[in-house]
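Note sheet for the following structure.
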């Protein structure tokens with residue numbers, strides 16, 4: 001069958017004004033409804049057990065809170081390693097040196113290289 005044959009069939013159907021029978025329309029509608037996804041009942045328990053990452057994400061509050069937590073973690077790492085000058089000046093004002101010697105809890109990278 002070529003496109004011209006199909007056009008001829010449609011032209012014939014339009015000319016005769018033939019409508020589909022109600023029985024045919026009912027069968028088509030029933031078939032369409034049978035193929036549509038059915039909504040789950042509210043509170044229905046899924047039989048599949050969620051994975052570890054799904055449970056962890058749910059425990060932390062979902063994807064949005066997990067994204068916020070990741071953003072805050074990266075910002076903290078950046079501030080901790082880069083130490084912008086304005087932050088260093090602020091910390092110098094808040095925690096001024098006292099007579100007591102300061103203890104270096106986080107050694108610099110050069111000290112790691114010197115050890116070996």
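Since every read-out is calculated from the coordinates, none of them should be taken as a lab result. All figures in this text were calculated on a predicted structure; none of them were measured in a lab. Virtual Cβ from ideal backbone geometry, glycine too; neighbours counted across all protein chains shown.
Comparing 29, 90, 60 in a Gaussian network model of the chain (Cα springs below 10 Å), the most mobile by mean-square fluctuation is 29.
Run the helix sum for the chain: -39,500 (n - 2.57) per DSSP H stretch of 4+ residues, divided by residue count, reported at 222 nm to the nearest 500 deg cm²/dmol. Can you show the working numbers first?
On the way: 6 runs with 74 residues, N = 116.
-20000 deg cm²/dmol, from helical runs alone.
Within the set (1) -0.58, -0.66, -1.23; (2) -0.83, -0.94, -1.46; (3) -1.01, -1.06, -1.29, the number that log10 I(q)/I(0) by the Debye sum over Cα atoms at q = 0.15, 0.16, 0.22 Å⁻¹ takes when calculated for this structure is listed as (3). Once the Cα atoms are used to define both axes, helix 63-82 deviates from the longest principal axis of the chain by about 30 degrees. Suppose R0 equals 35 Å. What FRET efficiency, 1/(1 + (r/R0)^6) with r the Cβ-Cβ distance, do residue 64 and residue 96 give to the nearest 0.05? Between residue 64 and residue 96 the formula returns 0.30. One decimal place: the segment residue 9-residue 108 gains 27.2 nm when fully extended, by the rule 0.36 nm per residue minus the C-alpha distance.
Want the number for residue 23 to residue 75: 0.36 nm per residue separation, take away the alpha-carbon distance, what's left? Could you put the intermediate results ahead of the total?
Numbers: separation 52, 0.36 × 52 = 18.72 nm, distance 6.58 nm.
The residue 23-residue 75 span can extend by a further 12.1 nm.
Residues considered: 23, 75, 11. Largest GNM mean-square fluctuation over the chain, using C-alpha springs under 10 Å, is found at 11.
Full extension of the chain between residue 1 and residue 48 gives 12.1 nm of extra length, using 0.36 nm per residue less the Cα-Cα distance.
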